[in-house]
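The values are calculated or read from the model by the stated rules, or taken from the named source; none is laboratory data. Keep in mind that what you see is a predicted model, and the values were worked out from it rather than measured. Cβ placement follows ideal geometry from the backbone for every residue including glycine, while neighbour counts extend to all protein chains displayed.
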Amino acid sequence: MVRFIIGAFCFTLIVIIAAWFTLKRSDIPFSSLEQRYSLSASHFVTLESGARVHYLDSGPTIGQYDPNKDTLLLLHGYTSNSSEWNEWLKELRGRYRIIAVDLPMHGLTESDMSYVETSNGMVNFIQDFTTAINLDHFSIGGTSLGGQISWEYALTNPDRVNALILIGADGWPLTENDVAFDPIVKDIQLNPWLAPVLKHFDMQTHIQARLDKCFSDPSITEQAMVKRLSDLARGPAHRKGLVKLALRKTSISLPTQFKDLKHPTLILHGEKDKIIPVRFAHEFNSAIPNSTLITYEMSGHCLVIETPRRSLDDVLSFLESVRKTHTNSKTQVLESSPPRAILNSNENSETGSEAAN
């Protein structure tokens, strides 16, 4: 019996050790990642905190646009990076200055844990970043985690934000009736032992699972995308930071001051979103006074990638309305879309049906 117990223990230990060395992956130096994944529009800036931030900056040259009215700052989602916005950048760069930034613990941005250890850390990051690149007034938008950071920033810095765009935005607590969930966050919640070891493992399996849920059709997932995001997750300290963000995401407490958001707000959400429930979009639309909601019948969570043309057309229409609003009156409501409107859009259709709340 003793021999059996000792043998079973040794076998289990061997399996654990073998699994460790099979799954363990070292960090990839930022110099190597930069060489592989930086783009022609890539820029870097070092913040006072010491963080070295990667961002894409594309648009008209100075003098061809009003930097206070025609600048859009875009924030990507959890485990993603600024290249998420490539299709939009191609189309918008002739009309707006578009800045897409890699958030801390994502992409090619190098930072310590300070921006992810506190609930307001990402908001502080946006403040530090926009100050460093001399950005005073701008519209801000984001997907998923980036959407949550966008509304948090608009609440705390209302005078710097012209307009707000929330795309599959996170922020509301999940209920027992919600069927959407982030597989990475769920794994960490259900398996607490995973949190301390995941920072040493290759996250490719988790990222593949997340991307498969992001699209309404999992076959859309490209292996090149999985490879890129898995490599970027192996940037020094990134995996540790991603785990920290996932753990903090489980204890979100919403502010009650959404009624104080006076910015024109566009809310986009895929009706087949399996990561963030479409209910969240309706909650935002009900809570934010000057908001317009557009849902996409055939799109999932990554609608910027899955439905680039239609979502971009809707954003352009919104931004033009905001521009006219700023020109005519700072207190004027949107001209093309009434506040608290709900639109249903289909990538294959040219018009949507509208119904007021």
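Per-residue answers, yes or no, for (1) closer than 13 Å to LEU145 by Cα; (2) of a type in the set (D, E, K, R):
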{"residue": "TRP88", "(1), (2)": "no, no"}
{"residue": "GLY94", "(1), (2)": "no, no"}
{"residue": "MET105", "(1), (2)": "yes, no"}
{"residue": "GLU110", "(1), (2)": "no, yes"}
{"residue": "PHE125", "(1), (2)": "no, no"}
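Scanning for something modelled with pLDDT under 95, at negative phi, more than 21 Å from the chain's Cα centre (by Cα) and surrounded by fewer than 22 Cβ atoms within 10 Å (Cβ to Cβ), does the stretch 86-95 turn up at least one residue?
yes
Only helices (runs of 4 or more DSSP H) wholly contained in the stretch 181-265 count here; list those with 2 or more residues that are among the hydrophobic types (A, V, I, L, M, F, W, C) and either over 28 Å from ASN157 (Cβ atoms) or in contact with a Pro (Cβ under 6 Å, 6 or more places away or on another chain) (or both).
So the answer is 183-190, 194-198, 204-214, 223-233.
Could you tell me how many of the residues in the stretch 188-212 are of a type outside the set (S, T, N, Q) and modelled with pLDDT under 80?
Summing the residues that are of a type outside the set (S, T, N, Q) and modelled with pLDDT under 80 in the stretch 188-212 gives 12.
Exactly one condition in (1) closer than 28 Å to GLN208 by Cβ; (2) over 20 Å from the mean Cα position of the chain (by Cα); (3) modelled with pLDDT of 95 or more; (4) not in a helix (DSSP H, G or I) is not met by HIS106; state its number.
The number of the failed condition is (2).
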